[in-house]
Amino acid sequence: MKLPEPAQIRGILLDIEGTTTPVEFVYRVLFPYAARELNEFIRQHFQDPEIWPFLENLRQQRNSDSLLGLAPPPWHDDSEEAEIRSLVEYGRWLMNKDSKSPSLKSLQGRIWQKGYARGELRGQVYPDVPTSFRRWREQGKEAYIYSSGSVLAQKLLFQSTEYGDLTLLLDGFFDTEVGIKTDPGSYRMIAAQIRCEPQQVLFISDTIGELEGAESAGMHAAWSIRSGDTVPEPARFAVVHGFDEIFPG
């Protein structure tokens, strides 16, 4: 498969993990940081009206997981301390399962916000990302991010890279508020929001299920393979090993 011609594309929609950012940064830096800080964060914000809806959603999700037989950690709410401990244990359990829970993602984003503010975290992107963002903008194309991480978490990552604030080169951010990343409907909604026909959008991700969802919605799709993994032949999707390969000019 080949990439579409540059003239066909108005919008470039990007995944984060394994596409703009090393997977190791997410799983070895961001996720462990959130797991370590979850206890302190919940204790500090347990009565915060802005945070409480996320905690209540986790309680409800934990009940659903229990009914489904997924064996989440036990829940105790006979005291505030017991409930806090239950929330922390369940949150960490979800993190270990790489849950896409919107409430969990919102909590993680706020925890990372403190980490970035303290200078304990700094966003990471591949070296070809900033130059490609600039090149695409010069070509008149718009670049967007679509990740299961919250919009807040996305912005924090791209604002704090060693290359400066890359949000200035991005035109929008989407998370699972528009839908899950394997659902074609999510991509149709994004296309409508950015005022493009689906066929005018190129979606790039390292996850086949997401590429299939975008393709089913009518978008072009390219498979990001950054690690040197073997590509099955023939590859169903266009394969890119870096953004320098995408509309080099």
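The values are calculated or read from the model by the stated rules, or taken from the named source; none is laboratory data. Note that the structure is a prediction, hence the values are computed from the model and not measured. Here the Cβ is made from the backbone with ideal geometry for all residues, glycine too, and neighbour counts use every protein chain on show.
At-a-glance table
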{"read-out": "Residue among ARG236, ARG226 that is basic (Lys, Arg), over 20 Å from GLU5 (Cβ atoms), surrounded by fewer than 20 Cβ atoms within 10 Å (Cβ to Cβ) and at pLDDT below 95", "value": "ARG226"}
{"read-out": "Selection count, the stretch 90-142, where residues are basic (Lys, Arg), without any contact (Cβ under 8 Å) to a residue 12 or more places away in the chain and either under 30 Å from PRO72 (Cα atoms) or not in a loop (DSSP other than H, G, I, E, B) (or both)", "value": "1"}
{"read-out": "Test: residue in the stretch 130-146 that is touching a Ser or Thr at 6+ places or on another chain (Cβ under 9 Å) and more than 20 Å from PHE247 (Cβ to Cβ)", "value": "no"}
{"read-out": "Condition met for LEU157 (in a helix (DSSP H, G or I), touching a strand residue (DSSP E or B) at 6+ places or on another chain (Cβ under 8 Å) and farther than 29 Å from ALA7 by Cα)", "value": "yes"}
{"read-out": "Count - residues of the stretch 7-53 that are in contact (Cβ under 8 Å) with a residue 12 or more places away in the chain, touching a His at 6+ places or on another chain (Cβ under 9 Å) and farther than 22 Å from GLU120 by Cβ", "value": "2"}
{"read-out": "Yes/no for ALA34 being modelled with pLDDT of 95 or more, on the phi > 0 side of the Ramachandran plot and either touching a helix residue (DSSP H, G or I) at 6+ places or on another chain (Cβ under 6 Å) or in the same structural domain as LYS105 (by TED's automatic domain parsing) (or both)", "value": "no"}
{"read-out": "Which numbered condition PRO72 misses (of (1) assigned by TED's automatic domain parsing to the domain that holds PRO32; (2) more than 24 Å from THR182 (Cα to Cα); (3) touching a Leu at 6+ places or on another chain (Cβ under 9 Å); (4) assigned to a helix (DSSP H, G or I))", "value": "(4)"}
{"read-out": "Which listed residue, of ASP48, ASP15, ASP65, ASP77, is at pLDDT below 95 and at negative phi", "value": "ASP77"}
{"read-out": "Residue match in the stretch 113-125 (condition: crowded, with 18+ Cβ neighbours inside 10 Å, under 15 Å from the mean Cα position of the chain (by Cα) and either farther than 20 Å from TYR27 by Cβ or among the aliphatic types (A, V, I, L, M) (or both))", "value": "yes"}
